[in-house]
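Engineer: So that we are looking at the same thing, I have put the structure below in structure tokens.
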Amino acid sequence: MRFTTNSSEAMMINTTGNVGIGNSNPIYGKLTVDNTTSGDHVARLSQQMPSTAMYIEMLTGNAPALVIN
């Protein structure tokens, strides 16, 4: 399933259910976001309430839940 804007692909869901935003071949994870515009953020989280804005939990194994490289 492909989503387009101005005749350009903006997002797609492949046959295994992986979602790609700015990526037409999201094979490396359930969600792949690629940023190709200089100065834009790949992702932005904004929290205006006194609670957790982002929570990442690793439920099994001992691999890191978040890696920033």
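Engineer: If you check every pair at least six apart or on different chains, which have Cβ atoms under 9 Å apart with a residue in region 33-46 that is farther than 17 Å from Gly20 by Cβ and aliphatic (A, V, I, L, M) first and a residue that is modelled with pLDDT under 80 and surrounded by fewer than 10 Cβ atoms within 10 Å (Cβ to Cβ) second?
Structural biologist: Leu45/Ala53; Leu45/Met54
Engineer: Still on this model: Taking the residues in region 1-23 that are under 23 Å from Ile68 (Cα atoms) and in contact with an Asp or Glu (Cβ under 8 Å, 6 or more places away or on another chain) as candidates, determine which candidate is least open to solvent (accessible area, probe 1.4 Å).
Structural biologist: The residue in question is Gly20.
Engineer: Test of understanding: among Gly17, Gly22, Gly39, which residue is more than 16 Å from Met1 (Cα to Cα) and not aliphatic (A, V, I, L, M)?
Structural biologist: Testing whether each residue is more than 16 Å from Met1 (Cα to Cα) and not aliphatic (A, V, I, L, M) leaves just Gly39.
Engineer: Right, next: Does region 24-39 hold any residues that are within 18 Å of Ile68 (Cα to Cα) and of a type outside the set (S, T, N, Q), and which are they?
Structural biologist: Selection gives Tyr28, Gly29, Lys30, Leu31, Val33, Asp34.
The values are calculated or read from the model by the stated rules, or taken from the named source; none is laboratory data. Please read these numbers as outputs of a predicted model, since none were measured by experiment. Quick reminder, even Gly has a Cβ in these numbers, built from the backbone with ideal geometry, and neighbours come from all protein chains shown. Protein only, heavy atoms only, side chains kept; ligands, DNA and RNA dropped before computing areas. Shrake-Rupley method; radii C 1.70, N 1.55, O 1.52, S 1.80 Å.
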